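The values are calculated or read from the model by the stated rules, or taken from the named source; none is laboratory data. For clarity, every value in this text was computed on a predicted model and none was experimentally measured. Note that we place each Cβ from the backbone using ideal geometry, even for glycine, and neighbour counts take in every protein chain shown. With ligands, DNA and RNA removed, areas are computed over all heavy atoms of the protein, side chains included. Shrake-Rupley method; radii C 1.70, N 1.55, O 1.52, S 1.80 Å.
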Amino acid sequence: MTFLTIGHRGVMGVEPENTLRSFLHAERAGMDAIELDLHLSKDGALVVMHDAELDRTTDGTGPIADRTLAELRELDAGSGERVPVFEEVLDAVGAPLQAEIKDVAAARALAEVMHRRKLVGRVEVSSFHDEAVAEISALVPGVRTVLIASRWGGDIVDRAVAVGADSLALNIRRLTLEVVERAHAAGLGVIGWVVNTPDQLRLVRALGLEGATTDFPEIRRTGRFTA
C-alpha cells in the first residue's frame with residue numbers, strides 16, 4: 001500500500017502556514033496531499049487559517065469571526081502573504097486536499113463548495129469534532145472523512161466508526177500499536193501527526209500507518225527510503 005505524505009498547512013516548517021505560498025511549495029515538493037484549516041469570516045467566507053484568533057499568524061488581533069473577508073484581506077499572513085479563501089487554494093494547486101473544519105457551520109459552508117465544484121474525489125474532510133465529521137458526511141454523500149485526536153480514550157475507534165469516518169489522524173506522541181491494530185481491524189486507516197524527523201518517520205512506518213502529516217518537504221523524500 002502506498003504511504004502518503006501530507007503537507008501540514010502546506011509546508012509550515014519553511015513557509016508561512018496556510019498561505020498560497022506554502023501550498024505551492026508543498027505541491028512543488030511532491031506532497032501526496034495538502035492539509036489546510038477552515039474558518040468562517042464574519043460575512044460567511046470560508047477562509048484558510050488554523051487559529052480562531054488572528055494574533056499568532058497575522059498582524060491582526062482578535063477573532064476571525066469578528067472580521068469580514070475584506071478586513072481579513074488587509075492583513076499580512078507572513079512574508080507579505082494574504083489570508084486565502086478555500087476556493088483560491090483549489091485554483092492555485094492541483095494536489096488532493098485534506099480540509100480541517102472547526103465546527104458544523106464550517107461543514108455546511110464547505111459542503112456547498114464541494115457540491116458546486118464536484119470535489120468528492122479531491123477533498124478529504126477532517127475534524128477534531130465528531131459532530132462536524134457526521135455533518136459533512138450527511139451533507140456530502142461519499143466524502144472521505146478523518147476524525148482527528150490529540151488525546152483520546154479507549155473509545156476512539158468506536159467514535160470514528162460511529163460518525164462514519166474513513167480514517168483517524170492521531171498524535172504520534174501518544175500513538176500505540178494497540179490503537180493502530182484496533183483501527184485497522186475496524187477498517188479505518190491511520191495517519192500520524194506531526195512527523196518531522198527521520199526517527200518519527202521510522203516509528204510511523206514501523207506501526208504500519210497509512211501516512212504522515214509533516215511540516216517539512218524533505219520528509220517526503222526520506223519516506224521513500226524508510227521502511
Next item on the list: Write down the accessible area per residue of the chain in Å², having rolled a 1.4 Å probe over the full set of protein chains.
Entry: 43 Å²
Notebook entry, point to check: Taking the inverse of the average 1/r across all pairs of different Cα atoms in the range 72-227, what Kirkwood radius in Å do you get?
Noted result: 16.7 Å
Item checked: 222 nm mean residue ellipticity, helices alone, for the chain (DSSP H n ≥ 4; -39,500 (n - 2.57); rounded to 500) -> -9000 deg cm²/dmol
Note to self: Sort LEU97, LEU177 by heavy-atom solvent-accessible area, probe 1.4 angstrom, most to least.
What the structure shows: LEU177, LEU97
Next item on the list: Could you tell me the accessible area of HIS39 in Å² (1.4 Å probe, neighbours in place), rounded to the nearest ten?
Entry: 30 Å²
Margin query: Test of understanding: extend the Cα→C-beta vector of LYS42 to 7 Å, then name every residue of the range 64-104 with backbone N under 19 Å from that spot.
Written below: 64-77, 83-85
Check: Simple spin-label model, 7 Å along Cα-to-Cβ: ASP55 to VAL161 in nm?
Finding: 4.2 nm
Check: In the neighborhood of ARG73, defined by Cβ-to-Cβ distances under 12 Å, what is the net charge if each Lys or Arg adds +1 and each Asp or Glu adds -1?
Finding: -4
Margin query: Please report the carbon-and-sulfur percent of the accessible area for the chain; probe 1.4 Å, protein heavy atoms only, DNA, RNA and ligands left out.
Written below: 51 percent
Note to self: Can you classify the range 133-180 as rounded, prolate or oblate using the Cα gyration tensor, where a ≥ b ≥ c are the square roots of its eigenvalues, rounded means a/c under 1.5, and otherwise it's prolate if a/b beats b/c and oblate if not?
What the structure shows: prolate
Next item on the list: Determine the distance separating the Cα centre of the range 163-209 from the Cα centre of the range 93-129; give it in Å without decimals.
Entry: 22 Å
Next item on the list: Kindly sort ARG56, ARG182, ARG28, ARG220 by accessible area of their heavy atoms, largest first, with the probe set to 1.4 Å.
Entry: ARG28, ARG56, ARG182, ARG220
Check: So, counting K/R as plus one and D/E as minus one, what does the shell of residues with Cβ under 11 Å around LEU207 add up to?
Finding: -1
Next item on the list: Count charges around SER167 for me, please; just the other residues with Cβ under 12 Å from its Cβ, Lys/Arg as +1, Asp/Glu as -1.
Entry: -2
Margin query: If you take every DSSP beta bridge fully contained in the chain, what fraction is antiparallel? Give it as a percent rounded to 5.
Written below: 15 percent
Note to self: At 1.4 Å probe size, put ARG108, ARG159 in order of accessible surface, largest to smallest.
What the structure shows: ARG108, ARG159
